[in-house]
Amino acid sequence: MTHIAVLGSTNMDLVVYVEKPPRRGETVTGREFRTIPGGKGANQAVAAARAGATVSMIGAVGHDTFGTRLRSTLEHSGVTTDHLRTVEGPSGTAHIVVDDEGGNAIVVIPGANGTVDHLVPGDEGLIASADALLLQLEIPLAAVLAGAQTARAHGVRTILTPAPVQPLPPELLAATDLLVPNEHEAATLTGLADPFAAGAALLDRVPRVVITLGAAGSVYLTRDAEPLAVPAPRVTAVDSTGAGDTYVGALAVALGEERPIREAMTWAAAAAALSVQREGASASMPYRSEIEARYP
């Protein structure tokens, strides 16, 4: 079984559902409010665990009821939380508005995630024992860099989701095996709107890139082969929150199982398509049996 370590954020998602999101200065009436465990790191951990990997989470939660629930949710999904530390203060939160078209807007408050600015004893050994390390940018960049360089030193595949998007230091890119931005992040990183052009530009910095395009699918670019485009299943989206993290978690599992890249991307797209048909982030993520029922 593939072993995946995740170094990243855990947040409680505070989600409101509305017909249309408010414009600046406008007040609208929503139809529902939910608190749903999330955070890009935790989401990818849950997605990978449900897709069939052994998963370990490195990060932090606060000393509050949200922290207790976040840890419990990870453990219930099969994620090992021995390296998820509890710190004084609040857990991270994400304040999310979801409209009737399934789109969302998000404000993240780091909370405990802001304390994850370095590796602590035991983290290096855990990363070294993994087949892959998943990284995002909702914790301080210093920890992301330390994790990537530790993985590189031990021959562990690093998969980086550059979100929330920000300038990426050369030393982090040098320790990244696979970069997985969405089309907007790729455009921000390169200044190029076309995903193939953006991906080609990113290959100057990393050896492999997968750019996710939402309902349009995803594209894969590498330095030694022609670009590859993989479509997404046609579905009606209810809530796209966490879809990208579902894709990355499932993709990491498929690559860990040494599936060919087209097959791995198709399998990950099936997982993401299942997730957008349900509300919430981690709550929407499919189990391996569900993915295989859609794409064996």
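The values are calculated or read from the model by the stated rules, or taken from the named source; none is laboratory data. In this text the structure is predicted, and so the values were computed from the model without any measurement. Neighbour counts run over all protein chains shown; Cβ positions are idealised from the backbone, glycine included. Only protein heavy atoms, including side chains, enter the accessible area calculation; ligands, DNA and RNA are left aside. Shrake-Rupley method; radii C 1.70, N 1.55, O 1.52, S 1.80 Å.
Could you tell me which of rounded, prolate or oblate describes the chain, using a ≥ b ≥ c as the square roots of the eigenvalues of the alpha-carbon gyration tensor, with rounded for a/c under 1.5 and, failing that, prolate when a/b is larger than b/c and oblate otherwise?
Cα axes put the chain in the rounded bin.
Which stretch or stretches of region 88-106 have amide N atoms under 17 Å from the point lying 7 Å from E26's Cα along the Cα→Cβ direction? So the set is 97-106. Across the chain, Cα pairs under 8 Å and at least six residues apart give a relative contact order of 18 percent. In the elastic network of the chain, a GNM with C-alpha springs shorter than 10 Å, the most mobile of I58, I127, I96 is I96. Out of E26, E138, E75, any idea which swings most in a Gaussian network model of the chain, alpha carbons joined below 10 Å? Evaluated over the chain, the most mobile residue of the options is E26. On a per residue basis, region 92-240 carries 43 Å² of accessible surface, using protein heavy atoms and a 1.4 Å probe.
Taking label points 7 Å from Cα along the Cα-to-Cβ direction, E124 and R34 give a separation of 4.2 nm. A dipole drawn for region 167-250 from +1 and -1 charges on Cβ atoms has a positive end, and of P227, P195, V210 the residue lying farthest that way is P227. Electrostatic bookkeeping for V16 treats Lys and Arg as +1 and Asp and Glu as -1; over the other residues with beta carbon under 13 Å from its beta carbon, the sum is -4. Phi angles of region 123-132 translate, via the Karplus equation with coefficients 6.51, -1.76, 1.60 and θ = phi - 60°, into HN-Hα couplings of 5, 4, x, 5, 4, 4, 7, 8, 8, 8 Hz per residue; Gly and Pro are given as x. Taking trypsin sites (Lys or Arg not before Pro) in DSSP loop states with no more than 10 other Cβ atoms inside 10 Å as exposed sites, the chain has its longest site-free stretch at 32-233. Taking amide H positions as modeled 1.01 Å from N, with prolines and chain starts lacking one, the residues under 5 Å from R85 and 5 or more places away or on another chain are G59, A60, V61. Computed over the alpha-carbon pairs of region 164-296, the distance histogram in 10 Å steps reads 13, 44, 33, 10, 0 percent, short to long.
Express the carbon and sulfur contribution to the solvent-accessible surface of region 108-158 as a percent, rounded to the nearest whole number, probe 1.4 angstrom. Don't skip to the answer; put the middle values down first.
Working: 1120 of 1950 Å².
The value for region 108-158 is 57 percent carbon and sulfur by accessible area.
Against the criterion of solvent-accessible heavy-atom surface with a 1.4 angstrom probe, H95, H3, H184 sort, most first, into H184, H95, H3. Under a 5 Å amide H cut-off, with hydrogens placed 1.01 Å from N, N182 pairs with T212 among residues at least 5 apart or on other chains. Under a 5 Å amide H cut-off, with hydrogens placed 1.01 Å from N, L137 pairs with A163 among residues at least 5 apart or on other chains.
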